[in-house]
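Q: Please read through the structure below; I'll follow up with questions.
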Amino acid sequence: MYSEAIEKGGLAVVTGAANGVGKAAAQRFIQDGLGVVLVDLAGEALDRAKAELRDLAGASTIVQAVATDVTDTGAMTALADRVFALGEVAVLMNNAGIALPTGSWENAENWRKLLEVNLFGVMNGVHAFLPRMIEAARPAVVINTGSKQGITTPPGNAAYNTSKAAVKVMTEMLAHDLRQADAKITAHLFVPGFTYTGMIERFMPEKPAAAWTSEEAIAYLLKRMSNGDFYILCPDNDVSEERDRKRVEWAVGDIINNRPALSRWHPDYADAFAAHEASE
């Protein structure tokens, strides 16, 4: 569907577009012939992204930056009004996300902040844009950015994992409902691997060798999306596609085999998981 969407032209709306994979995605959408609307919180990063991408696009291509809080339902509706006044939407990429420290019974305020952005920000994007995208009856795609932490749910950040697990389920339901409605829109779950983004840069000033760049992750996304794939789990320089499959299989196996929750990190299952990951 992506090739059909860009062939017809139109706009790509990208949240979390001031840096990282959002900015890299907007750049690729411009290169593929779409105008872009960059959505993020107001600030120098958004202004800088707009200036850089406008230089890349040239005068004839729409490049706008709209400072918007994705957690604000009214602001997202106003954003949609502004976008549809500019033209048709070919791509909606709900990518905005944050990471805050949380524990299972700690940091309640961080839980709320994180879920508002990572989960309800995606929901607000879908609710603001999808009805009019469906009504337009043109080829289009919706990309929701998830995380492997929402699939294999490693210990360490309970709220982040919860938010991304919810985005996975939400996007699965969206894909099904669009299919049932015979809409000309496909939904895709974008799951970056270890990617060096602005969020990571705050903790690691230099890109680790294991990490992909944002540009590599977006190139992989567009390749897989063009093939019609829904689940797009990106590898990186440390974790291969096969290794990802093994880890997902093990996570699902906890339910099938009634193992302890998160048995991958349980000392009694360390050897079994190592053998599973090494198996061919």
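Read-outs throughout are calculated quantities, based only on the coordinates presented, and are distinct from any laboratory measurement. Given the structure is predicted, the values throughout are model-derived calculations rather than measurements. Here Cβ is always computed from backbone atoms with ideal geometry, including for glycine, and neighbour counts include all displayed protein chains.
Q: Name the residue farthest towards the positive end of the dipole of the chain from the options Thr213, Ser163, Ala99, assuming +1 on Cβ of Lys and Arg, -1 on Cβ of Asp and Glu, about the Cα centre.
A: Ser163
Q: Quick one: of the DSSP bridges fully inside the stretch 14-171, what percent are antiparallel, nearest 5?
A: Percent antiparallel among DSSP bridges in the stretch 14-171 is about 10.
Q: Which pairs, out of Lys8/Lys246; Lys207/Lys246; Lys113/Lys184; Lys164/Lys207, put more than 31 Å between their alpha-carbon atoms?
A: Where the Cα-Cα span goes over 31 Å, the pairs concerned are Lys8/Lys246; Lys113/Lys184.
Q: For Val248 and Met173, what does the FRET efficiency come to when R0 = 25 Å and r is the distance between their Cβ atoms, rounded to the nearest 0.05?
A: Efficiency, from the Cβ-Cβ distance: 0.80.
Q: Would you calculate a helix-derived [θ] at 222 nm for the chain, using -39,500 (n - 2.57) for each DSSP H run of n ≥ 4 and dividing by the full residue count, to the nearest 500? Don't jump to the answer; show the numbers that get you there.
A: Numbers: 11 runs with 140 residues, N = 280.
Estimated from H runs of four or more residues: -16000 deg cm²/dmol.
Q: I need to check one value: relative contact order of the chain, counting alpha carbon pairs closer than 8 Å and at least 6 residues apart, in percent.
A: This gives 17 percent for the chain.
Q: Work from the charge dipole of the stretch 240-280 (Cβ charges, +1 for Lys and Arg, -1 for Asp and Glu, about the Cα centre) and give the residue of Ser240, Trp265, Ala275 farthest towards its positive end.
A: Value computed over the given set: Trp265.
Q: Which of the helices in the chain, when you take each full DSSP H run, stretch at least 30 Å along the axis at their Cα atoms and have an average Kyte-Doolittle score of -0.5 or higher?
A: Answer set is 158-180.
Q: What does the C-alpha gyration tensor say about the overall shape of the stretch 1-61? Classify as rounded when a/c is under 1.5, otherwise prolate if a/b is larger than b/c, or oblate.
A: It comes out prolate by the Cα gyration axes.
Q: Using DSSP to call loops (not H, G, I, E or B), can you name the trypsin sites (Lys or Arg not before Pro) in the stretch 176-280 whose Cβ has at most 15 other Cβ atoms within 10 angstrom?
A: For trypsin sites (Lys or Arg not before Pro) across the stretch 176-280 that sit outside H, G, I, E and B with at most 15 neighbouring Cβ atoms in 10 Å, the list reads Arg202.
Q: Based on the alpha-carbon gyration tensor of the stretch 240-280 and its eigenvalue square roots a ≥ b ≥ c, which shape applies: rounded if a/c is under 1.5, prolate if not and a/b is larger than b/c, or oblate?
A: Because a/c hits 1.5 or more and a/b fails to exceed b/c, the stretch 240-280 counts as oblate.
Q: Next question, about the same structure. Describe numerically, in nm with one decimal, the distance between label points set 7 Å from Cα along Cα→Cβ at Ala42 and at Asp268.
A: Computed distance between label sites Ala42 and Asp268 equals 5.6 nm.
Q: Give the aspartates and glutamates whose C-alpha is closer than 12 Å to that of Lys50, dropping any in the same chain fewer than 8 places away, or say none.
A: Filter leaves Asp40.
Q: Treating only the Cβ atoms of Lys and Arg (+1) and Asp and Glu (-1) as charged, compute the dipole magnitude of the chain about its Cα centre; round to the nearest 20 debye.
A: Charge dipole, the chain, about its Cα centre: 320 debye, nearest 20.
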